[in-house]
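Data first, discussion second: the structure below is written as structure tokens.
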Amino acid sequence: LVTRAGNLFTTHTGVAAGFDRFAPALFGQYLGRYAEQKLGITLQDLLALGRANPADSSEPFNMAYLAIRGSGSANGVSRLHGKVSRRLFMPLFPRWPEEEVPIGHVTNGVHTPTWDSASADELWTQNCGKNRWIGTADSLEQDIRRVSDATLWQFRISASKSLVEYARERLSRDLAATGAPPEEVEAARHLFDPNTLTLGFARRFATYKRPNLLLHDPQRLLGLLANAQRPVQLIIAGKAHPADQAGQALIREWTSFIRRPEVRPHAIFLSDYDMLLTEHLVQGVDVWINTPRRPWEACGTSGMKVLVNGGINLSELDGWWAEAYTPEIGWALGDGQEHGDEPAWDAAEAEALYDLLEHDVIPEFYARDGRDIPTAWVARMRNSMASLTPRFSADRTVREYTEQHYLPGAANYRERA
Ligand SMILES: *Cc1c(COP(=O)(O)O)cnc(C)c1O
């Protein structure tokens, strides 16, 4: 294994079932000749590289085990995922203490220029310069902190207007395309209000992401949405894998809730979740909600996309949020412990989510000063933009990969070769 010294394996899932595994007979059928004729080793020797116990001829071939064995270093994609991965790969390091299993982490970041709106680009350019995402980004935090409450709030109001226009346009088009009655299509053109608090939730509908946690108590949710003094509007978007029956059922739960006449003015479901739709959502929502079951969200990146645009995260303490969260920059769900898929815990977290919205998020958004600015909200938003945007940008991620892995790996490889 000459190249081993220069190989880096980045593991991307926190779930053992996420690793590809193949039965030995299947593996032999397709790769037996390759092992013997091209690699010059026996099929058994090749299979051994993908097994926790190389001597166990019944053990399937695990691709992630092969990757670890063939790499000089390995990493997870957030701090918590590094820890989870050390536990998942313990079978390959018998007798090693868990914390010494040689897997580190590099937390993902998003390519900020892909996700910022035109007006976010303008705001950051005015305050931090044109080449702000390139280099070490040291002064960004101070520079963006200097922006006034009035400027930041004006920026958010116009973001909210753009999103409401987009949602109206998109929903009325979707309704027309599916043959909805003309009055419903027309109603969609007047839906929502740019001055109302907008919550966004867009996900692949996989069960570990708990896309229906917010729907745990539909009446309580409706009560929050339809409150006359402090209304809330909700945009849900998502897609489930065509073979994922459970995920499809979760989508139906949302669509039937939203079809209720009393819910319809306050919530919409947008289908065909893709990057274009994500772009509009992350640029315009006030709060981005994420409710995975800890610790199964390896990193999660969609919440990072709202940072540059002044959106605030309300998320389970999982993936990136477990290392990013402090009370001044957003809201956290969960106790920072693992509870598996225990239904009683899901119920407790759903109640905690409603409490958080009712007692913290909604009142803060509607607490206005004499200029109609929610000053505590704007302060939280400024903290989130200033301290998180540079930290969770791809620029920082690429630098860490280069310094911690690529450069040492290249040197090790040269030496070995
Ligand atoms: C960012 C993004 C994702 C990843 O979102 P997570 O919250 O990390 O699951 C998935 N799909 C699309 C279309 C995205 O833009």
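A few comments on the model shown:
- Screening Thr114, Thr136, Thr207 for residues that are open to solvent by 20 Å² or more (accessible area, probe 1.4 Å), among the polar types (S, T, N, Q) and away from the ligand (no atom under 16 Å from the Cβ) leaves exactly one candidate, Thr136.
Each row is one residue, and each column tells you yes or no for (1) touching a residue at least 40 places away in the same chain (Cβ under 8 Å); (2) open to solvent by 50 Å² or more (accessible area, probe 1.4 Å); (3) in a helix (DSSP H, G or I); (4) away from the ligand (no atom under 16 Å from the Cβ).
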position: Val164; (1), (2), (3), (4): yes, no, yes, yes
position: Leu175; (1), (2), (3), (4): no, no, yes, yes
position: Glu183; (1), (2), (3), (4): no, yes, yes, yes
position: Pro194; (1), (2), (3), (4): no, no, no, yes
position: Leu199; (1), (2), (3), (4): yes, no, no, no
position: Pro211; (1), (2), (3), (4): yes, no, no, no
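- Just one residue in the set Arg230, Arg294 is within 14 Å of the chain's Cα centre (by Cα), touching a residue at least 12 places away in the same chain (Cβ under 8 Å) and part of a loop (DSSP other than H, G, I, E, B); that residue is Arg294.
- Among the residues of the range 253-305, those identified as of a type in the set (D, E, K, R) and within 11 Å of the ligand (Cβ to nearest atom) are Asp272, Asp274, Glu279, Glu297, Lys305.
- The conditions of being on the phi > 0 side of the Ramachandran plot and either surrounded by 23 or more Cβ atoms within 10 Å (Cβ to Cβ) or out of contact with any Lys or Arg (no Cβ under 6 Å at 6 or more places or on another chain) (or both) are not met by Asp355.
- Check on Phe9, touching a residue at least 12 places away in the same chain (Cβ under 8 Å), within 36 Å of the chain's Cα centre (by Cα) and open to solvent by 70 Å² or more (accessible area, probe 1.4 Å): no
- Per this entry, Leu225 is not counted among residues that are out of contact with any Ser or Thr (no Cβ under 8 Å at 6 or more places or on another chain), within 12 Å of the ligand (Cβ to nearest atom) and open to solvent by less than 10 Å² (accessible area, probe 1.4 Å).
- Counting only helices (runs of 4 or more DSSP H) wholly contained in the range 318-417, the ones carrying 1 or more residues that are within 14 Å of Leu307 (Cβ to Cβ) occupy 321-324, 375-388, 394-400.
The values are calculated or read from the model by the stated rules, or taken from the named source; none is laboratory data. This one's a predicted model, so the numbers in the text were calculated from it and none came from an experiment. Cβ atoms come from the backbone with ideal geometry, glycine included; neighbour counts cover every protein chain shown. To get the accessible areas, we keep the full protein, side chains included, count just its heavy atoms, and leave off ligands, DNA and RNA. Shrake-Rupley method; radii C 1.70, N 1.55, O 1.52, S 1.80 Å.
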